[in-house]
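The structure appears below as structure tokens.
The values are calculated or read from the model by the stated rules, or taken from the named source; none is laboratory data. What you are looking at is a predicted structure, and each value in this text was computed from that prediction instead of being measured. Don't worry about glycine lacking a Cβ; one is built from the backbone with ideal geometry, like all the others, and counts go over all protein chains shown. With ligands, DNA and RNA removed, areas are computed over all heavy atoms of the protein, side chains included. Shrake-Rupley method; radii C 1.70, N 1.55, O 1.52, S 1.80 Å.
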Amino acid sequence: MSFSSWVFKILTILPLLHLSFLSQAQTTPPICSNLDRVALIGFKARIFKDTTDILSSWTGKDCCSGGWEGIQCDAVTGRVNVVLLQRPPDNTALYMKGSLSPTLGNLKFLKVLVISGMKKLSGAIPSSFSGLTHLTQLVLEDNSLTGTIPPSLGQLRSLQTLSLSGNYLTGPIPQTFRNFYNLLQLNLARNSLSGTLQFPNLPKLEYLDLSYNMLSGSIPTILGQQSNMTFLDLSNNRFSGQIPDSLCNLKNLLDLSLSNNLLTGQVPGRIGQLKSLSTLSLSFNRLVGKIPDSVSELQKLWQLNLSRNGFSGPLSDAFSKGVPSLLSIDLSYNKFNLGSVPKWITSRQLSDVNLAGCNLKGFLPIFTKPDSLTSIDLSDNHFTGGVSGFFQKMSSLQKLKLSNNQLRANLSEMVLPNGLSVLDLHSNRFFGSLKFLGSKGGFLEYVDLSNNQISGNIPSTISNLGNLKRFDISRNRVTGTIPPSLGNLSKLGWLDISSNLIGGKIPTTLLVIKQLRHVNFRANKLCGEIPQGRPLNVFPSAAYAHNLCLCGKPLSPCKHG
């Protein structure tokens, strides 16, 4: 989440600014220790390729003069206290290839060690890092490190920030982490860590992210004793059992995500005591029962995601006056039988409304403040009408999903919001032509109109949709030919026009689209030679089957003359 980056920047940048100030205040920079220089050269020797070009500056005997990029020294002692090697976030072509040298463990006065974003930096975390007893920040995130987390890291009792996220680390979280009495941030997300979570009481901990691992067992009740906790993300693991009631004691908690686990039972009734909570995500679990009334008491809550569980029962009337800060709500795919969208949702100034699979019926809802909406998902319901005028005044709408309903309307009369990027209307009863495509909605990236009753041609103006990445009009009644202008869609990765009445040849202009990863021309009236070249002639023959007279690789050779 963005909160993660913000917290890390605050904790990292402030001490660095202080160190930089001290360095500038020293008129004659001290010469660095030979022990430190040798340790850094040892790291450089383990790097076989450096496209960041940082290490090319590591020359000469003085690593404290300011010439060694990423290295800072104490202004008085001349000992290296900062190693900061970060790939710029906007350039994935920059990296270091190699492994971490154990010699870094000889930088005995090091306070900050940050080596991040080096996607080809592999191997294990050296156990010698346990000797960096002055270390307050250890950040080795977004590399390709493997092996287990060395238990000896528990000796770093001064650590305030530890981030090993975005690697390929395996095994359990060491129990020696109970020694981190000064730890403020712990981020082990996006690895392959396993085992149960035997979490110690870390009195100063404010930030904990263990998401995207393979941790299992129950969520420790002791987490409810971390009174300073503001961020807790245990999502995308294999945690089971109930949500501990003790988590309701975290009065300073801003973000709570337990989504994508195997949690069962009901949401604790005391959850309304989390008065500071701004985001709550419990999606993709096995939670049941009624949504507690106390959720409506969360005055600062702006994002609520309870989708894909087994929640049932009516939504409390308390919500009509509660959660005043709510901007985003997702109740999709539970066991609700709402019938219609509650007024406390349609009358609010929301940005995201996701109510897919909520047994909604009748006409599409009328939102009284439509100009604030950026995303709507009402798929997999039983809506039958109300399309006409539905988009009016939705000037900010970017994503619209109304798929798998019983909506009937003329697409020819549809006027899309200018900023729309996702349009998913598949599996309805829409009819008319596709002429609305390309006239507006130039930002469209995703269009799925499959399984409707659409007729007419594919308009040549589709080439105006320069951002289009996915185009699916399969299982309709589209006629005419494939416009050569389709080849202008250079970003197109998915094209499906199967099960229509389209004739003529497949245009050779499609060979220009190098991003194509999926095509399906099946069951049309196409004829002639399949354009011979990548990517069209490497797709399976099934993508071209059941046409009038297509030939050429991957089908049978064409008969000339």
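How high is the relative contact order of the chain? Use alpha-carbon pairs under 8 Å, at least six apart in sequence, and give a whole percent. Before the final figure, lay out the partial values.
On the way: 1545 pairs, mean separation 24.3, N = 561.
About 4 percent, as a whole number.
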- prompt: So which of K343/K469; K119/K251; K300/K369; K401/K525; K119/K275; K119/K553 end up more than 28 Å apart, counting from Cα to Cα?
  reply: K343/K469; K119/K251; K401/K525; K119/K275; K119/K553
Estimated dipole of the chain in Debye, rounded to 20 [Cβ of Lys and Arg +1, of Asp and Glu -1, Cα centre]: 960
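Just the number, please: carbon plus sulfur as a percent of the accessible area of the chain, 1.4 Å probe, no ligands or DNA/RNA counted.
Details: 12620 of 24240 Å².
Accessible surface attributable to carbon and sulfur in the chain totals 52 percent.
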message: Students often forget the sequence filter, so: which lysines lie under 21 Å Cα-Cα from K61 once same-chain residues fewer than 8 apart are removed?
response: K44, K108
- prompt: In terms of the Cα gyration tensor, with a ≥ b ≥ c the square roots of its eigenvalues, is the stretch 32-127 rounded because a/c is under 1.5, prolate because a/b exceeds b/c, or oblate?
  reply: prolate
field: Partner aspartates and glutamates for K491 [C-alpha distance under 19 Å; skip if fewer than 8 residues away on the same chain]
entry: D424, E445, D448, D472
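Summing +1 for each Lys or Arg and -1 for each Asp or Glu, what net charge is found among the other residues whose Cβ lies under 14 Å from the Cβ of L107? Write out the running numbers ahead of the final one.
Values: positive: R37, K44, R79, K108, K111; negative: D36, D74.
Its environment carries a net charge of +3.
All other residues with a Cβ under 9 Å from the Cβ of S276 taken together, and with Lys, Arg as +1 and Asp, Glu as -1, what is their net charge? Write down the numbers at each step before the final one.
Values: positive: K251, K275, K300; negative: none.
Net charge around S276: +3.
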task: Return the loop-located trypsin sites (Lys or Arg not before Pro) in the stretch 471-516 (DSSP other than H, G, I, E, B) with at most 16 other Cβ atoms within 10 Å of their own Cβ; answer none if there are none.
output: R477, K491, K505, K514
query: With every protein chain kept in the model, how would you rank H134, H518, H546, H560 by accessible area, 1.4 Å probe, largest at the top?
result: H560, H546, H134, H518
- request: Would you pull out the residues with amide H under 5 Å of G493's amide H, same chain only if 5 or more places away, H placed 1.01 Å from N?
  value: R470
Gyration tensor (alpha-carbon) shape descriptor, the chain, a/c threshold 1.5: oblate
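Once the other residues with Cβ under 13 Å from the Cβ of F48 are scored (Lys, Arg +1; Asp, Glu -1), what is the net sum? Mind showing how you got there, number by number?
Values: positive: K44, R46, K49, K97, K120; negative: D50.
My count for the surroundings of F48 gives +4.
From largest accessible area down, sort D472, D293; use a 1.4 Å probe on the protein chains.
Numbers: D472 10, D293 70 Å².
Largest to smallest exposure gives the sequence D293, D472.
Quick check: with the 1.4 Å probe, what order do R470, R178 take by accessible area, largest first? Intermediate values should be presented prior to the final figure.
On the way: R470 60, R178 125 Å².
Sorted descending by solvent-accessible area, the residues read R178, R470.
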